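The structure under discussion appears below in the form of structure tokens.
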């Protein structure tokens, strides 16, 4: 019990298997408050499945998943977990393509999520200001009235990060945020995530090592569904087991 | 005796001489019948023996009429006739041919009288002719009629026949008839108990009726034995009824399987919603009709082979139609399942109307070849040949399809394309061709399903519509992309349907099944045999 | 808040549609009743119920569009909600016949006398009152949609699977209503109506009034749909259509949103059915046929799904075409309808309205982004309908 008191996210002994294949095998992991943590690992290491478990999309066969020390995430569905304050960015950028950029953010804005409160919702000045701020942060002000479908790949990534910010979550799960970005955009993204992690926790899954280095975060290496190594990037990349799992035998 | 009565006899004898040998036998019986009115009772008895000795098929019925006292001589021409009272008059008929001879008042008729001795003679003569006839089917009919009538007077004869009987089938019926008869007589308890056992051992609906009827007349000491017998038979019948339902269910299930199996390819493997699937089945049925039509007109001798000829043709026709549909329409709609659904629905309307325009809106007659008609009994089951062949056919088609998918290069390519189109394409598989062939295969299977369905259903332009919803239910219930699921799904739904029918009626049973599937899909959206894991969501 | 939401329903386009419907609601009955027979501007008698029927079809298509065009749920069973509304109204009209039926039974409708009912089944009570029938016409489809949707959406049945089970739903109802012992007139359904609210149902004034009522009901449905679509609720629905799991991860309970749209849509379909029955004079189980429900889809697709005007135009055009075809070339109607399905899905996926506004909104979007890049701060425009 005590072990998870001080954590924002606490996974202990989590396993899940699909048709006999163990995607996650006895995984234990902790994210603290206001921590930026990077997750790396070869393909099939279980990174996306881990996020599915945290966000309620997949139920683990066994193990504990707690949020904020006391909320059992395995009992909640996606919407409830999102309302608790866990935001997720998908590996493939997923924005609402037939809405404008501003509408995308408005939908993400932290407001009551009920059907009727949505029907009678009307953005007040405070909301508009908040949207303007986020647009500024993700540098999409000039495109706010365009359909999201017309954004470039990198812009969609940023819009999705913007949507995460609008949600005002305590924990952001960010899956491959810099895929398809230019080097300059990658650097900016690292800065943005670091800034975000001043006030909330961020978990980033990435393959781009220079990006991870820019983040200067604690690194967790996943392989075959469990934690292989943890520590600074230099520390884990010196670990022979990590090298082996990346290069294969 | 009236002297004029001799004239027809003389004429008859003359005719007999002229026509000579071939007709002689028939004339013989007629001559004998015409001598019946003459002489004393003992003369008549001799004629009866002579008649019986001819062994002619018609003799038994004449003797029966005579025994019932319904044989008369018409006074105006001395002809021997059978007479049945009809109002005030008698309706007359020829005792040999059954030809109606008008009516006459009783004053114009002389009854050919019989006494008890003659009656006994007649009975034993009939018994000899029927119960001891050389033909087992005649014996069986006679035994069955005894079983129905249970005439205690025939008991002696029955015993005699039983002793001589060699055919086991006939023998069991005779034994049952004997036991039934004994239950009606005032025979001793032991004999009756033995009779009850015999009847119980028979164990069918007839036996149940016999026992139930005897319950009211039998002495009270026998009641427990009879009740035990009834309960035993009812249990046995319930079991056979259950089995019969299973059989009907399997039969319906195999029809569903046939209708759905093509869909399992196009929808299950390719993910294409083909609402025109039912119409492709219909095209297969119409191909059968067309083939039979040509055979009827030009090669009547080939009729028994009509299905064998129709099968490959139907496969070819519908596979080509399928490929045309895929190349012409569906390939523009990959990745848009709901639009595919609508477009193929439109195609189904067009196909229906085309067939209606060519063949007319009415049901078309598709005949069953000889080897598909009739039925046989298996234990307590009654099995029709066409249903049996369809079950066998469905399973064979299923096995072939499974082999094609798992053991041929085409099957391998199909599976490759459905699992990873881009990868397959970069490995040199011509994916558009594979798509077209897969769709053609699914449609061809639907076509041969149509050949089978033409044997048990009305062939009309609406044939397909009655199967489309059921087929989708089967595929969805069984689990998409899984042929075994389709098999299990089809058979389960077929059997469930037939088991519900006795309780709920056909329509309500079907509604229950639909509601069940709707609820089932809610619980397991991917069907019975679902693919699991990340691939599903991707 | 609510007034603002309602106010948002009246954007430029909606104003025009509502105004047009209001004008039609007044002018068509007026021209039929006030102008002398033979006047060139007079709407002939038989056109009034025919046009009225088209308007109820338009409502039905609009209802389907709310779930299909905006929420991505392709219902192949909307005919069931329409028919349920129709049956509720039909039951009221049956009770109004009273002792004027063939068997002159003051309580039992003719078919019940014929089928040897000795008393009114319990579920027929109350239908002698119009208000009761009107409520049932709304509640029955709503309950069916709610229960069905509750199970379906909660267990995340989507896409083609959902379409197939909605089809199974209406098919099951079709079989059920064909049964004589359901007590709804079996095969023949309910017909031979005499009057509605005390007015003879065949009278031209009654028909004119029913026409006006259909036009007004359509206008009201349009306003409600517009209020939904132009609110954040509408945006969530579209978001659900385009990326359901993303919407879920934003914290929206997608099932509830779908359930809302599905039920609201079923209610509209039920009202349409209730208005349809007195104008055509019959309701029978054929309305539950899966083919009917798919036909609704094609009206919506032809007009343009995901727009509110499209389904109305589509329903009226296709049905006018059907009336013309079945009069002139009856045997070619199915060819035409089938061809329409194929042509629309392959060549005109956005329908007539989509094809028109497609070019228009592309132009507008370019203009907006041009202006935005110049830094001019313009008010957010409603997202162009997809």
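Rule-based calculations on the coordinates, nothing more; no lab input. These numbers come from a predicted model, not from an experiment. Neighbour counts are summed over all protein chains in view; Cβ atoms, including those assigned to glycine, are modelled from backbone coordinates with ideal geometry.
Tabulated results
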read-out: Where the Cα pairs of chain A fall when distances are cut into 5 Å bins, in %; value: 1, 6, 13, 17, 19, 17, 13, 8, 4, 2, 0, 0
read-out: Calculated log₁₀ intensity ratio I(q)/I(0) where the Debye formula runs over C-alpha points of the protein assembly as shown, q = 0.07 Å⁻¹; value: -0.87
read-out: Rounded D (µm²/s) - region A:123-206, Kirkwood Rh over Cα pairs, Stokes-Einstein at 4 °C, 1.567 mPa s; value: 97
read-out: Euclidean distance of C-alpha centroids, region C:36-89 and region B:469-510, integer Å; value: 35
read-out: Mean separation of Cα contacts under 8 Å, 6 or more apart, over the residue count of chain C: relative contact order %; value: 30
read-out: Binned Cα-Cα distances of region B:241-349, short to long, each 10 Å bin given as a whole percent; value: 13, 34, 27, 19, 6, 0
read-out: Rounded tilt (10° steps) of B:431-453 against the dominant C-alpha axis of chain B; value: 10
read-out: Whole-angstrom gap from region A:54-91 to region B:214-266, using each part's C-alpha centre; value: 54
read-out: Of A:25, A:68, A:132, the one that fluctuates the most in a GNM where chain A has Cα springs shorter than 10 Å; value: A:132
read-out: Distance in nm between pseudo-label sites at residue B:77 and residue B:293 (7 Å out along the Cβ direction from Cα); value: 5.2
read-out: Efficiency of FRET between residue B:316 and residue B:399 - r from beta-carbon atoms, R0 22 angstrom, step 0.05; value: 0.60
read-out: For A:17, B:306, order by how many other beta-carbon atoms lie within 10 Å, fewest first; value: A:17, B:306
read-out: Efficiency of FRET from Cβ geometry, residue A:244 and residue A:62, R₀ 35 Å, rounded to 0.05; value: 0.80
read-out: Cα→Cβ-extended label distance, 7 Å offset, between residue C:329 and residue B:334, nm; value: 3.4
read-out: Rounded if a/c under 1.5, otherwise prolate or oblate - region C:2-334, Cα gyration tensor axes; value: oblate
read-out: Per-residue Cβ neighbour rank within 10 angstrom, fewest leading, B:138, B:199, C:28, C:37; value: C:37, B:138, C:28, B:199
read-out: Value of relative contact order over chain A, rounded to a whole percent, pairs C-alpha under 8 Å and six or more apart; value: 27
read-out: Rounded to 10°, Cα long-axis angle of helix B:465-478 versus longest principal axis of chain B; value: 60
read-out: Bins of 5 Å, starting at 0 and running to the largest distance - Cα pair percent for region A:76-185; value: 2, 12, 22, 24, 22, 12, 4, 1, 0
read-out: Cα-derived Rg to Rh of region B:291-430, Kirkwood definition; value: 1.06
read-out: Simple label model, 7 Å out from Cα along Cβ direction - residue B:427 to residue B:172, nm; value: 5.9
read-out: Helical contribution to [θ] at 222 nm, DSSP H n ≥ 4, -39,500 (n - 2.57), averaged over the protein assembly as shown, rounded to 500; value: -20500 deg cm²/dmol
read-out: Cβ-Cβ FRET estimate between residue B:308 and residue B:363, R0 fixed at 35 Å, reported to 0.05; value: 0.90
read-out: Averaged over C:325-338, number of beta-carbon atoms from partner chains that fall within 10 Å; value: 3
read-out: Three-way shape label, region C:145-252, alpha-carbon gyration tensor, a/c 1.5; value: oblate
read-out: Per-residue mean of C-beta atoms belonging to partner chains within 10 Å, peptide C:234-242; value: 5
read-out: Most mobile of C:354, C:183, C:85 in a GNM of chain C (Cα contacts under 10 Å); value: C:183
read-out: Ratio of the Cα radius of gyration of chain B to 2.2 N^0.38 Å, where N counts its residues; value: 1.41
read-out: Likely footprinting exposure, C:82, C:222, A:96, fewest C-beta neighbours within 10 Å first; value: C:222, A:96, C:82
read-out: Region B:240-537: C-alpha gyration tensor shape, a/c 1.5 cut-off, then a/b vs b/c; value: oblate
read-out: Length-normalised contact order for chain B - Cα pairs under 8 Å, 6+ apart - percent; value: 15
read-out: Helix axis angle, A:125-137 relative to chain A longest principal axis, alpha carbon, degrees; value: 50
read-out: Cut-off 20 Å (backbone N to label point 7 Å along Cα→Cβ of residue A:43), residues of region B:398-440; value: B:416-429
read-out: Bridge type composition, region A:2-247 - antiparallel percent by DSSP, nearest 5; value: 55
